Amino acid sequence: MSNTPLSSVLIDRFARKVNYLRVSITDRCDFRCVYCMAEDMQFLPRQQILSLEEIEFICRAFVGLGVEKIRITGGEPLVRKGALGLLANLGQLEGLQELVMTTNGSQLAATADQIRAAGVKRLNISLDTLNPDKFRELTRTGDLQRVLDGIDAAKAAGFERIKLNAVILKGRNHLEVVDLVNFAVEKALDISFIEEMPLGEVNGHNRAEAFYPSQQIRADLEAVFSLMPLRDSSGGPSEYWQVAASHTRVGFISPHSANFCHLCNRVRLTAEGRLLLCLGNEHSVDLKAIVRSYPNDMTKLQQAIIASMEIKPERHFFDINEQPVILRHMSNTGG
Ligand code: SAM
Ligand code: SF4
């Protein structure tokens, strides 16, 4: 009885169907991007984070409740030992239609083939600049060439789609948006531009001063490219435009300038096992406590997940001029 999956779907109080789970498998990372982390980060002790088996069990619970898409993220997912094995196991989950991953690309040159073989269909790779010095400045530790090699390896591995993610900060990389799109066009990749979100305290820049709105990026791009609007089919927060005469779609994720909460179809599992019902609110349920108190009890876990739909907030309210009300960093959140 306790291992019989429930056959309900996840629907919240605002009639939104949740069919997408994002899973942060580690809060650790080999980079320290200025918008994501402080220079000195305290990472969680090992026993506080979910084991790979616990992550897999929770993913199985969600798929049993109708979740069709899982994104593996972090922190940097590929710095966690065993990440490739986890991907391979998740790739076998019956009912899961899409397994995707977000990575900073630093380890892709060596792992892209295995990730593809595990069943990961699409990859998001973060890339904020094509200038090696600026790359080092923005990531504090990263080597641009490694990431470019990783992108080439991912292309060669045959993912269905690869999308670059670029967080644009005024005064740091806003003059590079055209170069980034040219790079994407040349490599036949998609690219999304993301407005910085006030998650966790960061040192090194003022978020209000660095704010560079999506509309401005689009205007910068339209001075050079012909962009044709596409109807969004993903149910996600991005608005997409096709770059004329190319395979490249340009997306804009605009948590400040365009609220997309009414379309929200996702929840997030943090590395320490908290189920976050909204990126911009603290409403959460401690799933680690449940899987550790009732090991292998699928029904208990699925009941807690269904009950969590009652506290999914209607929307987020970000204010770039305020100190962050959300104290967790994106690396803890599972961006
Ligand atoms: N380490 C991987 C990476 O960088 O792609 C995966 C995790 S990272 C937290 C996921 C995405 O969140 C990245 O594209 C990153 O640029 C974005 N991100 C991090 N902090 C952010 C913030 N404060 N506002 C907006 N996007 C952010
Ligand atoms: Fe690491 Fe990704 Fe955060 Fe950069 S954005 S510090 S790569 S988790």
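The values are calculated or read from the model by the stated rules, or taken from the named source; none is laboratory data. Everything quoted here is computed from the prediction, not taken from an experiment. Glycine gets a Cβ as well: all are built from the backbone with ideal geometry, and neighbour counts include every protein chain shown.
Here is a list: Ser106, Ser126. Which entry is farther than 16 Å from Val23 by Cβ, hydroxyl-bearing (Ser, Thr, Tyr) and either under 15 Å from the mean Cα position of the chain (by Cα) or away from ligand 1 (no atom under 14 Å from the Cβ) (or both)?
Of the residues listed, the single one that is farther than 16 Å from Val23 by Cβ, hydroxyl-bearing (Ser, Thr, Tyr) and either under 15 Å from the mean Cα position of the chain (by Cα) or away from ligand 1 (no atom under 14 Å from the Cβ) (or both) is Ser126.
Looking at region 25-57, which of its residues are in a loop (DSSP other than H, G, I, E, B), hydrophobic (A, V, I, L, M, F, W, C) and within 16 Å of ligand 1 (Cβ to nearest atom)?
Pass one, region 25-57, residues in a loop (DSSP other than H, G, I, E, B): 25-45, 49-51.
Then drop every residue that is not hydrophobic (A, V, I, L, M, F, W, C), which leaves 25, 29, 31, 33-34, 36-38, 41, 43-44, 49-50.
Passing the criteria: Ile25, Cys29, Phe31, Cys33, Val34, Cys36, Met37, Ala38, Met41, Phe43, Leu44, Ile49.
What helices (runs of 4 or more DSSP H) completely inside region 64-176 contain at least 1 residues that are of a type outside the set (D, E, K, R) and under 21 Å from Val267 (Cβ atoms)?
Working: elements: 83-91, 108-117, 132-139, 144-157.
In region 64-176, 83-91 are the helices (runs of 4 or more DSSP H) which contain 1 or more residues that are of a type outside the set (D, E, K, R) and under 21 Å from Val267 (Cβ atoms).
Taking the criterion of being surrounded by 20 or more Cβ atoms within 10 Å (Cβ to Cβ), touching a Phe, Trp or Tyr at 6+ places or on another chain (Cβ under 7 Å) and modelled with pLDDT of 90 or more, would at least one residue in region 274-284 satisfy it?
no
Can you tell me which residue is farthest from ligand 2 (Cβ to nearest atom) among those in region 203-223 that are surrounded by 12 or more Cβ atoms within 10 Å (Cβ to Cβ) and at pLDDT below 80?
Ranking the candidates gives His205 first.
Which condition breaks for Ile253 when tested against (1) at pLDDT below 95; (2) within 16 Å of ligand 2 (Cβ to nearest atom); (3) touching a Gly at 6+ places or on another chain (Cβ under 7 Å)?
(3)
In the list Val147, Val185, Val178, which residue meets the criterion of being surrounded by 20 or more Cβ atoms within 10 Å (Cβ to Cβ) and β-branched (Val, Ile, Thr)? So that I can check it myself, show each step before the final result.
Values: Val185 fails: surrounded by 20 or more Cβ atoms within 10 Å (Cβ to Cβ); Val178 fails: surrounded by 20 or more Cβ atoms within 10 Å (Cβ to Cβ).
Unique residue meeting the criteria: Val147.
If you scan region 258-275, which residues turn out to be aliphatic (A, V, I, L, M) and closer than 15 Å to Thr26 by Cα?
Keep residues of region 258-275 that are aliphatic (A, V, I, L, M), which gives 258, 263, 267, 269, 271, 275.
Leu269, Ala271, Leu275, listed by residue number.
Ile191 - would you say it is assigned to a strand (DSSP E or B), touching a residue at least 60 places away in the same chain (Cβ under 8 Å), away from ligand 2 (no atom under 15 Å from the Cβ) and under 24 Å from Tyr35 (Cβ atoms)?
yes
With respect to Gln48, is the statement that it is closer than 16 Å to Gly75 by Cβ, at pLDDT 95 or above, over 20 Å from the mean Cα position of the chain (by Cα) and not acidic (Asp, Glu) true? Talk me through it step by step, then tell me what you get.
Working: closer than 16 Å to Gly75 by Cβ: yes; at pLDDT 95 or above: yes; over 20 Å from the mean Cα position of the chain (by Cα): yes; not acidic (Asp, Glu): yes.
Judged against the criteria, Gln48 is a match.
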